[in-house]
Amino acid sequence: MNTDDLLFLSPVLPVVVLHDAAQAVPVARALHAGGVPVVELTLRTDAALDAIRRVSAEVPDVVIGAGTVVTPDQARAAADAGAAFLVTPGTTDALLDAASDTGLPVLPGVSTVSEAMRLAERGFERLKFFPAEASGGVAALSAIGGPLPNLRFCPTGGITPSSAPRYLTLPNVACVGGSWLTPTNALATRDYARIETLAKEASSLRTEATTAT
């Protein structure tokens, strides 16, 4: 799988934080049942690597990736755990080198034009725009598209179901990242039916954005 294939699996890339690895498989299955066959599971908790291992082994129809990759060691550990792609909130040369060395698709994070240009020089034209809303949101990405038309973004950070379609109408946005598909209260009560419903709604957002234009 290349990065383009990854970004067009779903209009929303779920950004998932799990504190209990036992929830990884039912969450992944609920998202898949709702039409979202991809998960970015963040490395923000001690359960994350085990959660990636479980989804990789037990839910082969879901493309499981590691997010919030901030160190070279995390990039290598996520790859060893079975991650199919890596997402970083920002980039350093050491992190980018280690992530690239895994051979996995990498979605490196940027928040400025200069960062995007530097990564483009290294061959990365598919990028995470983070934190999206705090960095100018739709207006910023629209402006970036003028001088950098070859770049495509997955904006993440502060995006909601109501704001997502506005991002998806932009020609340089392939998908958006969103944490709303797996809300904390749904995870706390193990309400996987709700997660499936939210995934169904998210999977239709690209069509809604196209209709809006």
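The values are calculated or read from the model by the stated rules, or taken from the named source; none is laboratory data. Because the structure is a prediction, the values reported are computed rather than measured. FYI the Cβ positions are ideal-geometry reconstructions off the backbone, even for glycines, and counts take in every protein chain you see.
If you check A66 against the conditions, is it outside any helix (DSSP H, G or I), within 18 Å of the chain's Cα centre (by Cα) and of a type in the set (A, V, I, L, M, F, W, C)? Yes, satisfied.
Consider segment 1-17 and keep the residues that are surrounded by fewer than 22 Cβ atoms within 10 Å (Cβ to Cβ) and outside any helix (DSSP H, G or I). The one that is modelled with the lowest pLDDT is M1.
Within segment 126-154, the set of residues being of a type in the set (G, A, S), outside any helix (DSSP H, G or I) and surrounded by fewer than 18 Cβ atoms within 10 Å (Cβ to Cβ) comprises A134, S135, G136, G145, G146.
Per this entry, A83 is not counted among residues that are part of a helix (DSSP H, G or I) and either more than 26 Å from G158 (Cβ to Cβ) or under 17 Å from the mean Cα position of the chain (by Cα) (or both).
State whether one or more residues within segment 169-179 are among the β-branched types (V, I, T), over 29 Å from D97 (Cβ atoms) and not in a loop (DSSP other than H, G, I, E, B).
So far as segment 169-179 goes, no, none of its residues is among the β-branched types (V, I, T), over 29 Å from D97 (Cβ atoms) and not in a loop (DSSP other than H, G, I, E, B).
Residues of segment 109-125 being among the hydroxyl-bearing types (S, T, Y) and surrounded by fewer than 17 Cβ atoms within 10 Å (Cβ to Cβ), which ones? Within segment 109-125, T112, S114 qualify. Of note, L148 does not satisfy the criterion of being at pLDDT 95 or above, under 25 Å from A66 (Cβ atoms) and not β-branched (V, I, T). Selection over segment 115-168 of residues that are among the basic types (K, R) and closer than 21 Å to P11 by Cβ gives a count of 4.
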